[in-house]
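Okay, so here's the structure we're looking at.
The values are calculated or read from the model by the stated rules, or taken from the named source; none is laboratory data. Note that the coordinates shown come from a computational prediction; the quantities given were computed from them, not determined experimentally. Cβ sites come from the backbone with ideal geometry, for glycine too, and all protein chains shown count toward neighbours. Areas reflect the complete protein model, heavy atoms only, side chains present, ligands, DNA and RNA absent. Shrake-Rupley method; radii C 1.70, N 1.55, O 1.52, S 1.80 Å.
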Amino acid sequence: MKRGFLNSSKVKKQRLYAQNESKPASTEYFKDIEGLPKLAYGRVEDTSLPSDYDASWKPESMSSDASKTHYGEEVVGTTTIPPRFLDGPPDPDGHSEWLFWGPTKVKVVGLPGYPRPIPKPTHPNMCVVRSTPDKGLGVFATRDIKVGELIFSERPLLVVPTGIRAMSPIPKHYSQEKKLQIAMFQQEKSVEPAVDRMDEAQKKAFMALANSHKEDGSGPLYGIIRTNGIGLGNLGDGPKPPAGQYYPPQFMYTAICELGSRINHSCMPNVKFSFKLSSFSLQSSASKDIKAGEELFYSYCPVLQTAADRRKDLAPYGFECKCPACLHATPATDKLRAEFLDRIRRVVQAWSEKCKSPVHDITMLDPLLELQKDVTREGLDSQGQYPFLTEVIATAYMSLGMVGQAQRYQEVKHRWDSMAKDED
Ligand SMILES: [Zn+2]
């Protein structure tokens, strides 16, 4: 789960649905925006709509019936999830507004036990929002947190489709830039009813979030979504991906959260997000040990790329990353990131070969510990492949009879495993 999908060129280049599938009427609109220029950011000179375009356009009634689960492909609706009833108390875990494509609603509300309560951390208030010296607000740990521990769960304020979608046909005679402008305008108008449905506290929290897209024609709501959206890999439109895989970015939904969206970026993250469909909630867990007082970070871009590529990905957020990995980036650290997955894979393979030999000596640990040191220094011990390395180190220590050391490394693997088990 990461930010940045809204700015990904992939979102625009790929067709939303394969051509041989039965196409909902609305995919005609998606087709209209194929091949459009990449979403702009920064200062865009002309963000006006074409003078002959009807700027009073509004989406058709989008309010959905809370008790209805199945909708047709022609519907784009807004729903409060879980439903909120005028004569009843609000859900103790809060509510989200969800802008959904018709057939997708049942993927959540049709789940057994829906709406389940959101998972609770072992301690309340494990983090707090406060000012940072240079990044506005940030989220900080209030106690020591172990890798794998749930820090907080929350129902998002808003969940919307990730990719830009035109909600009604765009006349073909406009330039590509103007078509994109119209699509963004329609996007903004489609989100308005969802934000209108929020209660005052939610609306205030939403509008208080950062917006790094104030001058590129995004619109005030869509700008906040582009800046703060967290991609939900397991909630998407169209056919369900195979087990263990995410929806392609252009099919995914994105969540804007009161707390999760406040977590700042670092290329050395310490937080991992996951989304539970049955409770419609975002979980933030520690992807490495965190000390009380430390700031929580997650990465708004893929971390396994060079510092220059990360800088490019982060530009739409309007800041330059000053994390230690960026400040001290070298060709060697770029190489380590690029080769990280391969090196872990190689170590695991080599070790399974070595296990066949009855003779073990302590020097066999050297390359493993050296890789572990490099990876940790670069902050890649937050990545999901890291526990495979710690498991190999644990096995190596065990084969040398160094049980205490083995257990220390094995625990990291166990903690990651139990975190994965908790995910939908
Ligand atoms: Zn960085």
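Quick check on this structure: which one of P133, P124 is under 16 Å from L259 (Cα atoms) and out of contact with any Asp or Glu (no Cβ under 8 Å at 6 or more places or on another chain)?
Going through P133, P124 in turn, the sole match is P124.
Which residue, of L296, L259, is in the same structural domain as G233 (by TED's automatic domain parsing), of a type in the set (A, V, I, L, M) and away from the ligand (no atom under 16 Å from the Cβ)?
L259
Go over the candidates I182, I151, I170 one by one and state the one that is over 24 Å from A420 (Cβ atoms) and touching a Leu at 6+ places or on another chain (Cβ under 8 Å).
Just a single option satisfies the conditions, and that option is I182.
Can you find a residue in segment 269-281 that is at pLDDT 95 or above and either within 11 Å of the ligand (Cβ to nearest atom) or outside the structural domain of F206 (by TED's automatic domain parsing) (or both)?
The answer is yes, given that some residue of segment 269-281 is at pLDDT 95 or above and either within 11 Å of the ligand (Cβ to nearest atom) or outside the structural domain of F206 (by TED's automatic domain parsing) (or both).
Which helices (runs of 4 or more DSSP H) sit wholly inside segment 174-233 and have at least 2 residues that are at pLDDT 95 or above and basic (K, R)?
Filter on segment 174-233 gives 200-207.
Taking only pairs six or more apart or across chains, which ones have beta-carbon atoms under 7 Å, a first residue in segment 243-268 that is free of Cβ contacts under 8 Å to residues at least 40 places away in the same chain, and a second residue that is assigned to a loop (DSSP other than H, G, I, E, B) and more than 16 Å from the ligand (Cβ to nearest atom)?
Listed pairs, sorted by first residue: Y247/P241.
Name the residues in segment 307-331 that are away from the ligand (no atom under 11 Å from the Cβ), in contact (Cβ under 8 Å) with a residue 12 or more places away in the chain and part of a loop (DSSP other than H, G, I, E, B), would you?
Hit for segment 307-331 is G318, nothing else.
Working only within segment 118-138, note down all residues that are in a strand (DSSP E or B) and over 26 Å from K421 (Cα atoms).
Listed by number, the residues that qualify are V128, V129, R130, S131, L137, G138.
Being assigned by TED's automatic domain parsing to the domain that holds F140, out of contact with any Asp or Glu (no Cβ under 6 Å at 6 or more places or on another chain), aromatic (F, W, Y) and open to solvent by 10 Å² or more (accessible area, probe 1.4 Å): is that true of Y246 here?
yes
If I go through segment 161-173 residue by residue, how many of them are closer than 30 Å to L137 by Cα and modelled with pLDDT under 85?
Number of matching residues: 2.
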